[in-house]
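Below you'll find the structure, written out as structure tokens, and then a few comments.
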Amino acid sequence: MIRTLLSVALALAASLAQAQVANRTPFALLGDVPYSQPHANLLDAMIDEINASKPAFSVHLGDITGGNGPCTDEWFEARVKQFARFRAPFVLVVGDNEWTDCHRTGFDPMERLAKIRTLFHSQPVALPGFRRQSADYPEHVMWTHDGALFVGLNVPGSNNNLGRTPEMDAEYAARMKAVSAWMDEAVRLAGAREIETLVVMMQANPNFESTRRTPPGRDGYAELRRLLESTAAKIGKPLVVAHGDTHRFKHDRPVAGAPNLVRIEVDGWPWLGWVKVRLTPDPANPAVVERFLNPATK
């Protein structure tokens, strides 16, 4: 009898958990697109596909141009028009190709970052509790959705802008100080009972596996990895880290010492894809992820 009652209770709990997940609105992640005009042409149909799935919002995880550009005003303004196709709220996380790497084609990275901020980070976004960190770092954003706190960070590829020039090293140091402060605020807010999950989004692959071959003290992601791992320990709740940069889908737990840290990487150039994510109240499986790839780019 006791076993029967226990089985019924477990079945009811599982059914309730499934109902809670089903009632949650998914969101969309994409990144590293478009890198060329043909890529941009394909992106229109993918945006329409995302719209058809009716996400609560969509987040582009950075790199809205190729590693060698275009970095022109015209290209960026065309992306503003293209991203206006998204019907739900849209957020762009800043990547390296649209600012740090624009020096390759003669642009000033800081001037290009200022342009990106003007085009994509000067207006409020219709998301619950949406706010920006400061006038200096408006691309650092935060909002809530379905029991989760979402945080967007400017952590780009190309070694996080560290190691190219003394001026860019100074930029890295100032920005990472702002990143650390924003994450401190996220940890504080994630302590609320109603927050089940912290979702941190950036462009760069922080290289949790630590296989980058950089001189000691010149790894642009070492400080970030320490910050993310300490955040996972402090909150004691699922920490979902979403990024692009290395262009191939992953959904795993990359840090043995931080089992509550879950990583999602989206596909990117030359592939064209996106993922639909639905958060759950289950710490053992905090994010249900569906991957979609354009058959022409598989």
Considering only residues that are closer than 14 Å to ASN205 by Cα and touching a helix residue (DSSP H, G or I) at 6+ places or on another chain (Cβ under 7 Å), look in the range 241-260 and name the one that is surrounded by the fewest Cβ atoms within 10 Å (Cβ to Cβ).
VAL255
Only one of these conditions is not met by THR105: (1) touching a residue at least 40 places away in the same chain (Cβ under 8 Å); (2) of a type in the set (S, T, N, Q); (3) within 19 Å of ASN159 (Cα to Cα); (4) in contact with a strand residue (DSSP E or B) (Cβ under 9 Å, 6 or more places away or on another chain). Which number is it?
(1)
Enumeration of residues in the range 193-234 that are among the β-branched types (Val, Ile, Thr), modelled with pLDDT of 95 or more and surrounded by fewer than 19 Cβ atoms within 10 Å (Cβ to Cβ)
ILE195
What are the residues in the range 237-274 that are more than 18 Å from MET46 (Cβ to Cβ) and free of Cβ contacts under 8 Å to residues at least 24 places away in the same chain, if any?
LYS250, ASP252, ARG253, ALA256, PRO259
Flag if ALA28 is under 18 Å from GLU290 (Cβ atoms) and in contact with a helix residue (DSSP H, G or I) (Cβ under 6 Å, 6 or more places away or on another chain):
yes
For the range 159-178, which residues satisfy the criterion of being under 17 Å from ARG226 (Cα atoms) and among the polar types (S, T, N, Q)?
ASN159, ASN160
Can PRO70 be described as in contact with a strand residue (DSSP E or B) (Cβ under 8 Å, 6 or more places away or on another chain), modelled with pLDDT of 95 or more and farther than 20 Å from ALA204 by Cβ?
no
Would you say THR280 is more than 21 Å from VAL155 (Cβ to Cβ), crowded, with 17+ Cβ neighbours inside 10 Å and over 16 Å from the mean Cα position of the chain (by Cα)?
yes
Return yes when ARG291 is among the charged types (D, E, K, R) and part of a loop (DSSP other than H, G, I, E, B) and no when it is not.
no
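The values are calculated or read from the model by the stated rules, or taken from the named source; none is laboratory data. Since the model is a prediction, treat every value here as computed from it, not as a measurement. Using ideal geometry, Cβ is built from the backbone for each residue, glycine included, and neighbour counts are taken over all protein chains shown.
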